[in-house]
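These notes concern the structure reproduced below.
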Amino acid sequence: MKEVWLSLSLTGMWGWLVCGLVLMMAELFVPGVFIVWIGIGAVLTGFVVAFFPDLSFSFQLVVFAVFSAISVFLGWFVYGKVFGKSEKENYSYLNQGAKEFIGKSYPLVKGIKDGQGQVKIGDTVWLVKSDEALKSGEMVTVDKVDGIVLYVSKKGEKHVS
C-alpha cells in the first residue's frame, strides 16, 4: 500500500487522473453508485495538480478529500433528491394497496346493517363500515382504509371519523 501512495505522489497529475479513471471504471463492476464520485474527486485533484505541480503530496490528499466529499454530496443530492422523488411516488402505496381505493365509488354488494356491509372491487369482496344504514346496490365512496376494512359514506357525502 505504501508503494501505491509513493507511486502516486511521484507521478503527480497523471497518477491522480489514472486513479480517478480506474475508480470510475470500477463502478461498472461493483454494485451501487458511490465509487464514481470518489473517482471524480481524483480526476479533479489531477487537474489541480496540473495547474499547481509543486503542491506537496499531503496537500494533494487534502484536495482529494475535499473534492471527493463535495462530489459524493452532489451525487447523493442528484440521485436522492431529483431521481428519488419519482421512485417514491411510484411506490407510495406499496404494501398498502387498499389505499388506492380512497376517493373512489363502488356499489354495495351487501347493504350496510349494524354498521357493516360489503362491496366488490375487482374479484374481491371487501368489508365496509359506515355510520349510516345503506341498501344493497347504493353507491358508496371510500373515505378511509384501516387494514382490510374500508370506511365508506354514501356517494356525494363525506364522513371521515
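The values are calculated or read from the model by the stated rules, or taken from the named source; none is laboratory data. This is a predicted model, so every value here is computed, not measured. Cβ sites come from the backbone with ideal geometry, for glycine too, and all protein chains shown count toward neighbours.
Considering segment 79-126, the residues that are modelled with pLDDT of 70 or more and among the aromatic types (Phe, Trp, Tyr) include one that is farthest from Val36 (Cα to Cα), namely Tyr106. May I ask you to list the residues in segment 45-62 that are touching a residue at least 12 places away in the same chain (Cβ under 8 Å), in a helix (DSSP H, G or I) and surrounded by fewer than 20 Cβ atoms within 10 Å (Cβ to Cβ)? Across segment 45-62, the qualifying residues are Phe47, Val48, Ala50, Phe57.
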